[in-house]
1. For the condition closer than 25 Å to residue 210 by Cβ, without any contact (Cβ under 8 Å) to a residue 24 or more places away in the chain and acidic (Asp, Glu), what is the one hit in 156, 127, 84?
2. Would it be correct to say that residue 27 is within 19 Å of the chain's Cα centre (by Cα), farther than 29 Å from residue 272 by Cβ and among the polar types (S, T, N, Q)?
3. If we scan region 276-286, do we find a residue that is in a loop (DSSP other than H, G, I, E, B), modelled with pLDDT under 95 and either crowded, with 16+ Cβ neighbours inside 10 Å or of a type in the set (Lys, Arg) (or both)?
4. I'd like to verify a number: residues in region 189-201 that are under 18 Å from the mean Cα position of the chain (by Cα) and either surrounded by fewer than 24 Cβ atoms within 10 Å (Cβ to Cβ) or at pLDDT below 95 (or both), how many?
5. Which residues, counting only those in region 58-74, are among the aliphatic types (A, V, I, L, M) and buried (at least 22 other Cβ atoms within 10 Å of the Cβ)?
6. Does region 243-275 hold any residues that are in a loop (DSSP other than H, G, I, E, B) and more than 20 Å from the chain's Cα centre (by Cα), and which are they?
7. Check region 106-125 and report whether any residue there is part of a loop (DSSP other than H, G, I, E, B) and of a type outside the set (Val, Ile, Thr).
8. Given the residues 131, 212, which is the only one that is buried (at least 20 other Cβ atoms within 10 Å of the Cβ) and either out of contact with any strand residue (DSSP E or B) (no Cβ under 9 Å at 6 or more places or on another chain) or under 20 Å from residue 45 (Cα atoms) (or both)?
Amino acid sequence: MTVLNKENFEVSLQNRLNQKLNSLLKNKNIIEESISYALSNPGKRVRPLLIYLVGDALNIPERKLDSIALASEIIHTYSLVHDDLPCMDDDDLRRGKPTLHKKYSESTAVLAGDAMQTLAIKIILEDENLSNENRVKIASFLLQTIGHEGMILGQDQDIRFEEKLKVSKDEIIEMNRLKTGLLIEFCILAPILISGTKNDAWQEMATSVGISFQLIDDLLDLEESEENLGKATNKDEQKNKKSAPIVVGIIDTQKEIKKYEDKTMESLVKLGLNSHPLADYLQDLYRRRK
């Protein structure tokens, strides 16, 4: 895979993902139709982009990354569908369109989210471009990432923190790592499972990008308009959410993000990737609120 520039790469990826999605779902029933609706909403596709960019840095053929990239976007979308439910964050708007439970029904949204989890794992386990060993490794890694000790636990902490009067910065960082950061980490580290080149620099970069991604999102919730974000804003304050900017303040949150950004850039230098398109893309992620 040759990456000419980030813009061309993003367009190419969008087309590639859409082709894969269209071949997966035939909209034969309401569940498939609702999944298609959720996945077709325009998004940034951050997670699959990271997979392909890391894969490019490691000279992994694109065909060996397709199922992982597709699974990451499906899992991310499932988490949004469930997060938007009335029993969770109760949002009516996602990516500029009605949330799935508003478009269809709450029960359909719950079932579609459940189906997306199994669909993502199925796609990886049936990928003939991966060895049997890598299929099992990657599927297991993804299940660990999103399960009761990972993303789901982070979502639970997010809800329970609403009832607490005081939450520490460390608790917020850990919650962010679980509910958002771990899936980002998966996207950076899964290609490394294929190449067998994992080291401390990759792990530190993955952790830094994952945690800071949610910190930036929390700042955007306070600073950006609903039109720009494509979803409701200022909802964290209204729902007594314990996000970093609300608890420790905007300035301290910005300092925390800068700390993780510096760690990310240091890791890229250690890996010899500071001139690779991955470095440009990560810098854009950090600058999306500047």
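The values are calculated or read from the model by the stated rules, or taken from the named source; none is laboratory data. All of these numbers come straight from a predicted model, not from anything done at the bench. In this analysis, Cβ positions are derived from the backbone assuming ideal geometry, glycine residues included, and neighbour counts consider all displayed protein chains.
1. Working: 127 fails: without any contact (Cβ under 8 Å) to a residue 24 or more places away in the chain; 84 fails: without any contact (Cβ under 8 Å) to a residue 24 or more places away in the chain.
Exactly one of 156, 127, 84 is closer than 25 Å to residue 210 by Cβ, without any contact (Cβ under 8 Å) to a residue 24 or more places away in the chain and acidic (Asp, Glu), namely 156.
2. When the stated conditions are applied, residue 27 does not pass them.
3. The initial filter retains those residues of region 276-286 that are in a loop (DSSP other than H, G, I, E, B), namely 276.
If we keep only those that are modelled with pLDDT under 95 as well, we get 276.
If we keep only those that are either crowded, with 16+ Cβ neighbours inside 10 Å or of a type in the set (Lys, Arg) (or both) as well, we get 276.
Yes, region 276-286 contains a residue that is in a loop (DSSP other than H, G, I, E, B), modelled with pLDDT under 95 and either crowded, with 16+ Cβ neighbours inside 10 Å or of a type in the set (Lys, Arg) (or both).
4. Final tally of qualifying residues: 2.
5. The answer is 65, 68, 69, 70, 71, 74.
6. 248, 249, 271, 272, 273, 274, 275
7. no
8. Values: 131 fails: buried (at least 20 other Cβ atoms within 10 Å of the Cβ).
Result: 212 is the single residue among 131, 212 that is buried (at least 20 other Cβ atoms within 10 Å of the Cβ) and either out of contact with any strand residue (DSSP E or B) (no Cβ under 9 Å at 6 or more places or on another chain) or under 20 Å from residue 45 (Cα atoms) (or both).
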